[in-house]
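First the structure, in the form of C-alpha cells, and then the observations on it.
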Amino acid sequence: QVQLVESGGGLVQPGGSLRLSCAASGSIFSINDMGWFRQAPGKEREFVSVIIWSGGSTAYADSVKGRFAISRDKAKNTVYLQMNSLKPEDTAVYYCAARRVTGPVTARSVDYWGQGTQVTVSS
C-alpha cells in the first residue's frame, strides 16, 4: 500500500502561482509513476501531469504545458506541482496519484489517490 498526502492548495488571483506537494509513504518501491489529476465541479477527473519515479521523465496535459512544472525529490518521497500563470479555468480539486503500471495515464489506471486539495483562481 501507498499513502499520499497533498498540501499547498488555496486561493490565488489570476496570473498568480501556487506549489502543490504530495508526500508518499508505504511501499514506494512498487511505484512506476506519480502525478496529478484535477476535477472541477460537474466535470470528470482529468489528467494534469505525470513524472516517472525512477527516471524523471515528465508529461503534461496540453492545457497546462508551459505553465505547470512537475518535479520529485526521491529522498523525501515527494512530488511537486509548480503552477504559474494560473487561470480561473484551473480552479479544481487537485489529486495526487500514484501508479504501479506503465502505459497511458488515465484515472482508471491509478492505483492510489490522495485526498485532494482545493485550488481556486479568482479575483
Is it true that residue 38 is within 11 Å of the chain's Cα centre (by Cα), charged (D, E, K, R) and modelled with pLDDT of 95 or more? yes
Under the condition of being farther than 15 Å from residue 32 by Cβ and hydrophobic (A, V, I, L, M, F, W, C), which residue from segment 76-95 is most open to solvent (accessible area, probe 1.4 Å)? 93
When segment 45-75 is examined, which residues are found to be surrounded by 18 or more Cβ atoms within 10 Å (Cβ to Cβ) and closer than 17 Å to residue 86 by Cα? 47, 48, 49, 60, 64, 68, 70
Which of the strands (runs of 3 or more DSSP E) contained wholly in segment 2-90 include at least 1 residues that are closer than 15 Å to residue 112 by Cβ and of a type in the set (Val, Ile, Thr)? 2-7, 46-52, 78-83
Tell me, please, whether a residue that is hydrophobic (A, V, I, L, M, F, W, C), modelled with pLDDT of 95 or more and surrounded by 15 or more Cβ atoms within 10 Å (Cβ to Cβ) can be found in segment 99-109. no
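The values are calculated or read from the model by the stated rules, or taken from the named source; none is laboratory data. Just so it is clear, the model here is predicted, and its values are computed rather than measured. Backbone-built Cβ (ideal geometry, glycine too); neighbour counts: all protein chains shown. Side chains included, ligands, DNA and RNA excluded: accessible areas come from the protein's heavy atoms. Shrake-Rupley method; radii C 1.70, N 1.55, O 1.52, S 1.80 Å.
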